[in-house]
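Here is the structure we will look at, set down as structure tokens.
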Amino acid sequence: MNEEELQLHFEELKKELDGKIDDAQLKKELNTYLNEYRVTAEAAKRGIKRKYGVDGSSSFMTADTLSKKIDELKGTEMNVDITAKAVYVDKKQITVRGTPKMIISGILGDETSTAPFTIWEGENVELEKGEVYLFKNAYTKLWNERVQINLGSRGKVEKAEGIRVDVPERTITAESTEVKIGNIKEGMGDVTVTGRIMSVEQRNITVKGEAKVVYSGIMADDSGKIQYSAWNDYSLKEGESICVKNAYIRSWKGIPQLNLGDKCEVSRVDDSFGEIDMSVSKKTIADIIAVGGGLDLSVTGTVVDMRAGSGLIRRCPQCNRSVLNGECTAHGKVEPINDLRMKLILDDGTGAISAVVNRQDTERLTGITLAAAEGLAKARGDSEIVAREMAGLIIMRRMTMTGNVLSDDFGPMMIVNDAKVETVDVAAEAEKLYDEVEGAL
């Protein structure tokens with residue numbers, strides 16, 4: 001169960017227990033029931049309430065449930081019913097604590113407004129674009145000053161038969177915010193973006209039996225680059241500069257993507273970007289955390305830790321996932337193959353980020369080859385010796401890493417495609433630090 005849902009159950013129990021247990025202990029016991037014992041939320045709450053002498057038959061969940069229109073939502077609702085049309089629906093699988101989980105996200109709309117939504121238990125839920133649904137016992141939060149609708153384990157969604165909802169047409173208004181590409185982040189609403197088309201491609205796909213064409217590529221300005229996609233043919237050409245009005249942002253694993261929808265306006269413009277560097281974008285980790293992710297980003301920092309799952313690992317020969325005890329989560333029992341990787345924590349003083357380094361760069365940075373790792377593990381009878389040897393060689397080294405940054409429930413993570421050790425002039429750095437300290441006195 002994710003942190004948001006856990007917090008909702010915690011607040012409910014805290015109100016009912018009325019000081020019979022301190023907050024830290026309550027949260028610990030609730031987490032144990034839900035994430036270790038894996039019991040249902042209602043069973044966990046009944047057990048805790050019985051333990052502390054409170055009648056476990058009360059029904060707090062539905063007592064405070066209200067029905068609201070989307071424009072009435074404040075982002076603080078704990079239990080709210082919402083009837084709205086599914087304007088956009090996306091069902092995808094994510095990984096939470098190593099376990100695959102199906103969620104459904106998209107946009108809901110009624111006659112008053114629209115808002116993004118997420119159904120966190122979407123395995124047995126089917127939503128169809130354009131249909132009207134009743135979201136029962138939903139909760140809301142604010143993200144980038146925009147309300148988001150969430151449906152957790154205690155919520156329910158059902159088709160609203162016979163109810164018609166007319167969603168207002170999206171119009172180009174002052175609400176469309178002009179933004180540089182490097183500042184685009186997940187959760188933004190309508191945006192106006194000016195940039196140069198760096199690549200164009202089209203794909204033929206089938207949606208509900210109907211053949212469609214998707215146009216996509218990379219768009220860039222002097223602050224960064226972003227993937228774009230469009231269902232309409234705007235006759236985009238590589239090298240031309242365009243102004244896109246009333247586009248919207250969606251994210252894939254935390255990487256913002258620019259979407260040119262039906263109400264989008266595209267015009268050709270002259271630009272003054274000059275030569276755009278398409279190789280990498282130099283960022284601080286604080287910049288990356290603020291945006292959520294990105295393509296071909298470069299950060300420089302110090303390796304402060306090596307996480308579990310580093311060193312000599314075993315992978316499924318079919319899907320390349322790491323396996324435990326010879327079993328793949330997707331393909332069951334398999335004959336695994338050996339591989340090397342490092343899962344590092346890089347800190348640049350503005351923040352910290354996880355970084356996954358592949359076999360090729362792991363061998364180059366540590367000098368430990370796969371064959372040497374296999375020999376060392378066999379000689380010592382301990383595969384974890386490889387990770388310990390690597391940690392001694394890499395921790396506290398200053399490095400520059402480049403790659404794509406994704407985000408999930410655990411924060412941003414870079415999939416490294418290049419890494420190099422930076423040479424540090426200790427005397428010069430010490431002199432610089434001394435000058436800074438002296439200047440501050």
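Things worth noting here:
- Relative counts (whole %) of C-alpha pair distances in the range 282-421, using bins that are 10 Å wide: 12, 40, 33, 14, 1
- FRET E, pair Glu335, Ile385, Förster distance 22 Å, beta-carbon r, rounded to 0.05: 0.40
- Among (1) 29.0; (2) 23.8; (3) 20.6, the entry that matches mean projected area of the Cα convex hull in nm² as calculated here: (1)
- Environment charge at Val416 (Cβ cut-off 13 Å; Lys +1, Arg +1, Asp -1, Glu -1): +2
- Mean separation of Cα pairs under 8 Å and 6 or more residues apart, divided by the residue count, gives the chain a relative contact order of 9 percent.
- You can think of it this way: the chain between Glu11 and Val214 has 68.6 nm of extra reach, that is 0.36 nm per residue less the Cα-Cα gap.
- Along the axis of the charge dipole computed for the chain (Cβ charges of +1 for Lys and Arg, -1 for Asp and Glu, origin at the Cα centre), the listed residues Ile181, Val165, Asn232 are led at the positive end by Val165.
- Accessible area of the chain belonging to carbon and sulfur atoms, whole % at 1.4 Å probe: 48
- The range 177-278: C-alpha gyration tensor shape, a/c 1.5 cut-off, then a/b vs b/c: prolate
- Segment Asp271-Glu238, length gained on full extension (0.36 nm per residue, minus Cα span): 10.5 nm
- Local electrostatic count, His331, Cβ distance below 14 Å [Lys/Arg +1, Asp/Glu -1]: +2
- Global form of the range 235-277, assessed from the alpha-carbon gyration tensor, a/c cut-off 1.5: oblate
- Distance between the range 400-441 and the range 273-346 - C-alpha centres, whole angstrom: 18
- Surface exposure of the range 177-278, expressed per residue as accessible area with a 1.4 Å probe, stands at 52 Å².
- Theoretical gain in end-to-end length, Asp305 to Asn35 [0.36 nm per residue, Cα-Cα removed]: 94.6 nm
- Radius 10 Å from Cβ of Met219, net charge of other residues (Lys, Arg +1; Asp, Glu -1): +1
- Net charge dipole, the range 282-378: roughly 240 debye, given to the nearest 20, about the Cα centre with Cβ charges of +1 for Lys and Arg and -1 for Asp and Glu.
- Per residue, in Å², the accessible surface of the range 61-170 once ligands and nucleic acids are set aside, probe 1.4 Å: 53
The values are calculated or read from the model by the stated rules, or taken from the named source; none is laboratory data. Note that the structure is predicted; figures quoted are calculated from it, not measured. Here the Cβ is made from the backbone with ideal geometry for all residues, glycine too, and neighbour counts use every protein chain on show. In case anyone asks, the SASA skips ligands and DNA or RNA and just uses the protein heavy atoms, side chains included. Shrake-Rupley method; radii C 1.70, N 1.55, O 1.52, S 1.80 Å.
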